[in-house]
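Quick notes on the structure that follows.
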Amino acid sequence: MSLTTTKLALGLLFSLTALNAQAALTSYYAVGNIPVVYSSVSNVTWTQDANLFKTMYDADNSLISQIASVTPSYNDPADGSQTIEAGHFSISSGRMTWWGGLAFTDYLNSINYGGSSQWRLPSAGANPQLGFNQTGSELGQLFYSELGGTAFNSIPNTPTFNNEQSYAYWLATEYPPDPYNAWLFLTYNGGQDDFNKSSKNYAWAVSPGQVPAIPIPGALWLMGSGLIGLLSLRMRIRY
């Protein structure tokens, strides 16, 4: 086993140990060395990269065609058939239409990203409302209850996530009073609102439950457990 793999596995071991401390948000590596963040409050797993589409596109410029091959079109009862193509995405910012967001999460499922095939846009909750302090939505819960965000202020810049955008993120829920709109969460001020599905906003994928972590070989579990035991003994002796 390489030194890099050993370090990665040991890092995962310590991150999983931290999970037992019942932290609200726990960062770790899922299958395929994919960095994710588990929320024990909402019982969902977020991609650690809050602008994942941009990161993936920069690494592979054929991403949009790959997305379109999985979801060629989306039949919207209000807006009609939407062909998934380059016009639904902004490659400079990473923003996309609501249909583009749905297609992007479909693509993540098709490649079993991080070992999950249940990626989706965050839910707006059972009874979404306009305004601030709306913790009924999954992104509102993350913003206010887990990241410590406050109304009229931008999303906190924490080491838990990467590439958080102070803008607006799509939610999976359509807006019943106006079928041309869908709910979104405003990370620049903590508000929740609705907007036209054809506008371009960010998409932050979430998967229900906890996405499985990278399996760690038994030998490394034993070695890691031994190191933790030695550290604990040393601390008891010192104090």
key: Cross-chain or 6+ apart pairs with Cβ under 8 Å, segment 183-207 first and in contact (Cβ under 8 Å) with a residue 12 or more places away in the chain and part of a strand (DSSP E or B), then among the β-branched types (V, I, T) and open to solvent by 10 Å² or more (accessible area, probe 1.4 Å)   = W183/T173
request  = Looking for whichever is assigned to a loop (DSSP other than H, G, I, E, B), over 14 Å from the mean Cα position of the chain (by Cα), surrounded by fewer than 23 Cβ atoms within 10 Å (Cβ to Cβ) and touching a residue at least 60 places away in the same chain (Cβ under 8 Å) here; the options are Q129, Q165, Q118. Which one fits?
outcome  = Q129
remark   = Reported set for segment 97-115 where residues are under 18 Å from K54 (Cβ atoms), among the hydroxyl-bearing types (S, T, Y) and in a helix (DSSP H, G or I) is T105, Y107, Y113
task = State which residue pairs qualify: first residue assigned to a strand (DSSP E or B) and β-branched (V, I, T) and inside segment 17-42, second residue open to solvent by 30 Å² or more (accessible area, probe 1.4 Å) and at pLDDT below 95 in any location, beta carbons under 6 Å apart, and separation of 6 or more residues or different chains.
result = T26/L19
key: Residue identified as touching a Gly at 6+ places or on another chain (Cβ under 7 Å), surrounded by 20 or more Cβ atoms within 10 Å (Cβ to Cβ), small (G, A, S) and modelled with pLDDT of 95 or more among A50, A103, A30   = A30
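The values are calculated or read from the model by the stated rules, or taken from the named source; none is laboratory data. The model shown is predicted, which means the values in this text are computed figures rather than measured ones. All Cβ positions, glycine included, derive from the backbone under ideal geometry; neighbour counts span all protein chains shown. Remember, those area values only see protein heavy atoms, side chains included, never the ligands or the DNA or RNA. Shrake-Rupley method; radii C 1.70, N 1.55, O 1.52, S 1.80 Å.
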